[in-house]
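Written below as structure tokens is the structure these notes are about.
The values are calculated or read from the model by the stated rules, or taken from the named source; none is laboratory data. Everything numeric here is computed off the predicted structure, so don't read it as measured data. Reconstructed Cβ throughout: ideal geometry from the backbone, glycine too, with neighbour counts over all protein chains shown. Side chains are part of the model used for accessible areas, which takes the heavy atoms of the whole protein and leaves out ligands, DNA and RNA. Shrake-Rupley method; radii C 1.70, N 1.55, O 1.52, S 1.80 Å.
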Amino acid sequence: MSRRLRLAALTVAVGLAGVGVAMLLLAVLARPALRLRADMTHTGGAGVSERTAAALRTLPEGSRLTVFMFPENPAWAWNGSAVYPRAFDRLISLLEDARLRAGGRLEVTLLDRTSSLLETEEAQRRLGRRPGDALFLEVGDTRKVLAFEELFQVIEPTRDGQPARLRAERLDHALGNAALALASGALPRVAIYTAARAGALYDPQQLLPLARLLTDEGFEVVDATDLRGVQDADLLVVPGQHQAFAPAELDAARAWLDAGKPLLLALGAFADERVVEDWNALLSERGAVFGSGLICEPVRTSGGVIEGDPICGHLETSGAEFDDQHAISSRISTSGRAQIFTATRPVETGAAGNAFTIARVARSEVEAWLDLPGGKDFILDGAERRGIRGIAAASEPWMAQGDAANGRLVLLGSAASLEGGRLAALHDFTAAAVRWLAGREMRDFELVATRELPFRPDRATQARIDNLAVLVLPGAAFLAAFGIFLRRRR
Amino acid sequence: MRAFIAQFKRELRGLLLSPYAFVLLGFWFLLNGFFFAYLLRSPAVQNDLTLLPPYLFGNGLLVWLLLPAFPPLLALKLLAEEQRVGTLEPLLTAPVRDAAVLLAKYLAACVFFLVFWGGVAALFLVLNLHGAQLDWGRVGCGFLGAMLCSSLFLAAGLWASSWSGNLVLAAGGGAALNYMMLFVPSLLLDAPGRVGTFARAAYLPGFLDQAFAAGWIDSYAIALPLVLSALFLFLTWLRLAARRMLA
């Protein structure tokens, strides 16, 4: 081997050794345990709190956090609103800190418009993500979903053109709560009442999708065939009831309500009238009861208005049919996303006892009518009249005893919508109702105000800054170059 | 040490009295000025100036477009130009260590690059003088990250500049190397296993965005450009040493 070749080989070997040493050094320094970080922001709160960091450190190895950063509510992006940029900036900063302070136990994936479409779609499919869902924390088979509205409080844009603003956030608290719940394994328990429906909870055509939704919302799902055995659960869901209560079970239902525990009760148009009467007797003092009949709506197509067809029993509600003030429905109302209620019984709201407040959270459109037994099916006839009908109502006491006994109640006039593939068309409403029942709407004490630094220069100021940026500074540099050039020539 | 200081002063004076360096500086100011003015007109930034540092110093045009290109253009003056005009050989045979020559050239370029960033800093000061409230912690961290990144790209440019006296090759090679340092990890970010872990650990824009521009001083985010800069300086030294041995 010539001297030249030997030297070249030696140089390459030494160079590679240098690369190896550098890689090794960086691999060591990259370990979360060796990372030192200092928060230099003006608020000093860019990272997670000690409480959340401690909660994250209790997560088992392999926990995953998937974050979807998509500006999905167009109203929050109008007139140059900084809601989404600011929120995403905050998410990026805080979640990187969360990843490091979890000590390598948490794998964080941020997905936004620049991410691979394939990866985003795969993640959306795997997690069953719905619009508005921002953050998924997964520990083993359990997971917790946090919607954007659960993390950030937004002031809506006004009619006079004021853009939406980010007012407060509870990202740190929500992340800590989710980590604590999933790491401890002590998830809140939700009992799904399945009397006379053996195996319904495991059947994809029946209640399996609902069970999955509740699992995604951070609940442990319990199959309850008898109401007497559910008193230690945190939430009761009755997705239709196929047989009337025995007296002892009716007492158990009364005891559940008297204890102030939350209930999601869905009875459809074809529920047994004895079942409806039993529940109405229990619920009347709360100001919401089930009526009789099937709510139908004319369906407008390019070929005209369809009436007299079973399709009239599928109520496709847009944002306008939802209460834009209530925590359950405001997000759906604002986004304008359609929800479909199938085979719906009217929910009537009236005078509640002094202790309760009631809200009709979803209603039919004004052209709807109540199809009563006797006349022609799906056709307005006889004593039937058009008008707005309640589809779902929410009741709660003025004074809640606590999260687990907040006395909240959601009445839904459709049980069929909670079953099988139909749940997909009512997912947003169901998830929002469950969150509200669990007391998971924005809690004031967890909110942290977001401080904005607005700067709206007038035209003259803007022009001065522009001139300095694109004329004065570059011009000075070019002049200096010219001056040096002339001096050198001389 | 005295030889090193003398060499450093010589290199710095050479850059400060170079029309080429100031033309480069002018273009840098011009492009950054356009970018700054454009960002400042963004309604989101006007609604909240906290967004300016991440937009400017984070995962944006400055990092992906300007930053990798300018340092090699400056670095080509350091070695490739000397090779081209034939002054490198006398310098390397002078009674000064190769490492001292190299470090003096590199540090002089880094110091001169502070002038590049000084112009951008002046824009923030002007903003402040016009009544804008700034999160100086974030702005400062953004500058720190940008400066560290610049020093890495200068080191890579220096290495490219050591390979030949062809200025186009030196500048193009340095820029290509810098763009590779940005693009290769970005393409592998989602890869499974160790490749993905490595890519995420080497992804400079991620650290500029999630650490510096977010207002964090992070030991690894600082170490990454410093270690890589040291590696490129070592490789440049190796190249010069091999060259001397061959001569």
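Annotation for the range B:13-51 versus the range B:56-109: alpha-carbon center distance of 22 Å.
Every helix of 4 or more DSSP H residues in chain A counts as -39500 (n - 2.57), and over all residues that averages to -10000 deg cm²/dmol at 222 nm. Out of residues 5 or more away from A:Ala134 or on other chains, whose amide H comes under 5 Å of its own, with H placed 1.01 Å from N in the peptide plane? Amide H to amide H, under 5 Å and 5 or more residues apart or across chains, A:Ala134 pairs with A:Leu146, A:Ala147, A:Phe148.
Toward the positive end of the charge dipole of chain A, with +1 on the Cβ of Lys and Arg and -1 on the Cβ of Asp and Glu, the farthest Cα among A:Ala195, A:Ser116, A:Pro239 is that of A:Ser116. Within chain A, the percentage of alpha carbon pairs spaced more than 29 angstrom apart rounds to 60%. Placing unit charges on the Cβ atoms only, positive for Lys and Arg and negative for Asp and Glu, gives the range A:21-164 a dipole magnitude near 400 debye about its Cα centre. Who wins for biggest fluctuation among B:Tyr38, B:Tyr20, B:Tyr203 in a Gaussian network model of chain B, springs between alpha carbons below 10 Å? Taking springs between Cα atoms under 10 Å, the residue moving most is B:Tyr38. Taking packing as the residue-averaged number of other Cβ atoms within 10 angstrom, the listed peptides A:335-345, A:37-47, A:241-251 run from highest to lowest as A:335-345, A:37-47, A:241-251.
From the P(r) of the range A:14-75, can you give the percent of Cα pairs sitting at distances over 19 Å? Intermediate results must be reported in sequence, preceding the final value.
Details: 1209 of 1891 pairs.
Taking all Cα-Cα pairs of the range A:14-75, the fraction more than 19 Å apart is 64 percent.
With 0.36 nm allotted per residue and the present C-alpha distance subtracted, the A:Gln205-A:Leu10 stretch has 63.2 nm of extension available. Placing unit charges on the Cβ atoms only, positive for Lys and Arg and negative for Asp and Glu, gives chain A a dipole magnitude near 3800 debye about its Cα centre.
For A:Ala54 and A:His242, a Förster radius of 35 Å and the Cβ-Cβ distance give a FRET efficiency of 0.15, rounded to the nearest 0.05.
Here each label is just a point 7 Å from Cα along the line to Cβ, and for A:Glu119 and A:Glu61 those points are 2.3 nm apart.
Placing R0 at 30 angstrom, the Cβ-Cβ distance between A:Leu453 and B:Thr197 gives a FRET efficiency of 0.25 after rounding to 0.05. Restricting to chain A, compute how many DSSP beta bridges are antiparallel as a %, nearest 5. The answer is about 65 percent antiparallel. All alpha carbon pair distances within the range B:1-129 were sorted into 10 Å bins beginning at 0; the resulting P(r) in whole percents reads 11, 37, 25, 17, 8, 2. Straight Cα distances below 14 angstrom link B:Lys77 to the aspartates and glutamates B:Glu11, with same-chain residues fewer than 8 positions distant left out.
Here the Karplus curve 6.51 cos²θ - 1.76 cosθ + 1.60, taken at θ = phi - 60°, turns the phi angles of the range B:126-143 into couplings of 4, 4, 5, 5, 8, x, 6, 8, 10, 8, 4, x, 5, 4, x, 5, x, 5 Hz, with x standing for Gly and Pro.
Test of the criteria: in the range A:1-77, which GluC sites (Glu not before Pro) are in a DSSP loop and have at most 14 other Cβ atoms within 10 angstrom of their Cβ? Qualifying residues, ordered by number: A:Glu61.
Taken over the Cα atoms of chain B, the convex hull encloses 136 Å³ per residue. Computed from protein heavy atoms with a 1.4 Å probe, the total accessible area buried between B and A is close to 5600 Å².
Antiparallel DSSP bridges in the range A:50-182: what percent, to the nearest 5?
Among the beta bridges of the range A:50-182, antiparallel pairing accounts for roughly 65 percent.
For the protein assembly as shown, carbon and sulfur atoms together expose 61% of the accessible surface, with a 1.4 angstrom probe and every protein chain in place. Among the residues of the range B:1-32, those with an accessible-area drop of 20 Å² or more from chain alone to full protein complex, heavy atoms and 1.4 Å probe, are B:Leu17, B:Pro19, B:Phe22, B:Val23, B:Gly26, B:Phe29, B:Leu30. The H on the amide N of A:Val48, modeled in the peptide plane, is under 5 Å from the matching H of A:Ala98, each at least 5 residues off or on a different chain. Taking θ as phi - 60° and the Karplus parameters 6.51, -1.76 and 1.60, the scalar couplings of the range B:164-173 work out to 7, x, 7, 5, 5, 5, 5, 5, x, x Hz in sequence order, x denoting glycine and proline.
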